[in-house]
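Below: one structure, written as structure tokens.
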Amino acid sequence: MATNTSGASSSAASTADLASSSKTSTPVHLIVLCHGLWGEPKHLRTLETLLANSFGEQTTIVNATGKREKTKFVGNESDDSIKKSTKKTKEEIKKEKAQKEEEELDRLHEKLLSKYASKVRDQNAEDHMNVVILNTSSNEGGKTYDGIDWLGERVVREIKIEQRKLAKEGKQIERFSMVGYSLGGLVVRFAAGLLESQSFFTPARRPPIQARQVITIATPHIGSPPGSGTFGRLVGYFGARLLSRTGEQIYGADQGWQVEGEEGKVGLLEYMSKPDTYFIRALNRFEKVHFYANAVNDITVPFRTGCIELWDPFVEQEDGVDVKLLSDAAILTDVQLHEPEKQTFLQNIRAKVSKTPGFLNPNRIPMNFPYNYIIFFGLPVLFPIFAVRVVYKLSKDSQKSRLRIEELERKWNELEFEEDGNEEQNQTSIESVEDDKQTRNATEERTSRLMKNMVMAVAEDNVESERDLIPGLATPHEHVTTEPSQTTRPPWHSPWKHGELPKSKKQAPLSPAQRTMVANLNNPDILPKLTKVWTYYPDMNNSHAIIIARSLSIEPHRKGLPIVKHIVDDFLS
């Protein structure tokens, strides 16, 4: 009995100490950002900056190197100059040039963001709570091939390390939010489920962590929709085989997840949409669940997967559509469709020959005359060479990824992640394994960039060619009106029920697994807090980078600044 009493007293004392510590700790709102495929943290720099400025001086940004820095308000440019040495090596000159270019980009960034940040800086709704923005960096570049599950594991590891660092500073996470762009949205959903399974939100002997917001932006929630043409089928075939574990999951070629009470195994994305899984429980724990997606012209994440719908009205509708937008952002509040008129044989022929397909038009090559024509006439020779190199590079990267995954699984089982602060050492050990398995020289990096640009360019050309053959989509809307109201639901009021969709030759039907995902994710009984927000950029060739204003040095990307501000305002409302 004495032992039991002593144990109870010790436990009570420990609980009291923890409660006292909880009261004296500085509260923190941790906001986690995740980039997409082939991505890096700087792709979310615009969002990171606006978030930091909106929350004020109590904001800390954790960047890609692990450096912790206080918010630098946009518009307050530094007068610090670069110290010049008397003797400079080639490496120093190169480094100085890169630093100057970065400073020029910083100035451009500050100038463009100042009018957006100044409007929200005084609207801090955090009650003087410290805000830490963790722009995750453990999944850069080729590591995004390693599978959504492994990417999510790495993100959770970064979160745990940051939590430990905050504790050492006398701070405690009381509020928690996550934002994922493109593939990062799926990583966020997986990481949230993993945290839920580890009781992250309900720690023992401490107040529960408030799950505030989870936001995904241009995310392929149901994977890659099947292509209707030869090109689309080829992309699906090679994508599942050349993008390692991630490719298998995105293209629905994985079958490793067992659903309780069901026979057989399913792919990861389908499993993540199932009711009563940790992934759905985690989403329902958040106060707000917002999925942003491009309604048109996102060649990376098309409408059906980004907006989680069975049918794409903007591709199918040949009579045009009437849309309403917010007055301050290209966000749809209403879409009205009409019964498509039957086309005569002559109208169909005229539509097919009225415009030259993109791959036969040298003016669509983004270079000035005569270089666009030189490249155009050289394509019959250059394209096969580049295609072979791209396939070789993808195959090589996929093989490296699979070897890295095998080594990671072995290392992960060996490492003991203790509670005494060894997470940083363990993370370093894991990263060293990854680096050993993925050594990239300058040529490989350039080839990887070339591969990505070529895949995007060919896909864009294919999508534009299909759009040229659809009469109503040359000018995709007849009337556009604006209104100040906020969108709180999907704006599409379809005249057809999902079970009675008109037959289509332009869109291949979704797979049974994808139909299940659409049904589950749109079910208000499964995800009651989900709000879908659709952006609308009908004049852009590819809206995927615009929605997040990914690089402000590229002028079209700046059109996405109002969307990013809208996302930031979500945090302040």
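The values are calculated or read from the model by the stated rules, or taken from the named source; none is laboratory data. Please read all numbers here as calculations on a predicted model, not as lab measurements. For neighbour counting, all protein chains shown are included, and Cβ atoms are generated from backbone atoms with ideal geometry for every residue, glycine included.
For this structure, a couple of remarks:
- Residue in the stretch 294-309 that is more than 19 Å from the chain's Cα centre (by Cα) and at pLDDT below 95 present: no
- Any hit, the stretch 153-168, residues being in contact with a strand residue (DSSP E or B) (Cβ under 9 Å, 6 or more places away or on another chain), modelled with pLDDT of 90 or more, closer than 24 Å to LEU47 by Cα and of a type in the set (Asp, Glu): yes
- Answer residue from the stretch 246-305, given it is among the small types (Gly, Ala, Ser) and touching a Cys at 6+ places or on another chain (Cβ under 9 Å) and is farthest from GLU316 (Cα to Cα) among those: ALA293
- Residue list for the stretch 315-329, filter: in contact with a helix residue (DSSP H, G or I) (Cβ under 7 Å, 6 or more places away or on another chain) and either within 18 Å of LYS559 (Cβ to Cβ) or free of Cβ contacts under 8 Å to residues at least 24 places away in the same chain (or both): ASP328, ALA329
- Checking each residue in the stretch 73-123 for being part of a loop (DSSP other than H, G, I, E, B), at pLDDT 60 or above and of a type in the set (Ser, Thr, Tyr) picks out only THR89.
- Selection within the stretch 202-211 - within 30 Å of HIS566 (Cβ to Cβ) and surrounded by fewer than 18 Cβ atoms within 10 Å (Cβ to Cβ): PRO208, GLN210
- Extreme residue, surrounded by the fewest Cβ atoms within 10 Å (Cβ to Cβ), among residues of the stretch 507-564 that are of a type in the set (Asp, Glu) and in a loop (DSSP other than H, G, I, E, B): ASP525
Yes/no per residue for (1) surrounded by 22 or more Cβ atoms within 10 Å (Cβ to Cβ); (2) of a type in the set (Ser, Thr, Tyr); (3) out of contact with any Asp or Glu (no Cβ under 7 Å at 6 or more places or on another chain):
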residue: LEU134; (1), (2), (3): yes, no, no
residue: TYR145; (1), (2), (3): yes, yes, no
residue: ALA167; (1), (2), (3): no, no, yes
residue: ARG175; (1), (2), (3): no, no, yes
residue: MET178; (1), (2), (3): yes, no, yes
residue: SER182; (1), (2), (3): yes, yes, yes
residue: ALA191; (1), (2), (3): yes, no, yes
residue: SER199; (1), (2), (3): no, yes, yes
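- For the stretch 289-312, filtered to residues that are among the acidic types (Asp, Glu) and out of contact with any Phe, Trp or Tyr (no Cβ under 6 Å at 6 or more places or on another chain), the residue that is surrounded by the most Cβ atoms within 10 Å (Cβ to Cβ) is ASP298.
- Taken as a whole, the condition of being assigned to a helix (DSSP H, G or I), out of contact with any Leu (no Cβ under 6 Å at 6 or more places or on another chain) and in contact (Cβ under 8 Å) with a residue 40 or more places away in the chain does not apply to ALA211.
- Flag for GLY7 being out of contact with any helix residue (DSSP H, G or I) (no Cβ under 7 Å at 6 or more places or on another chain), modelled with pLDDT of 75 or more and assigned to a helix (DSSP H, G or I): no
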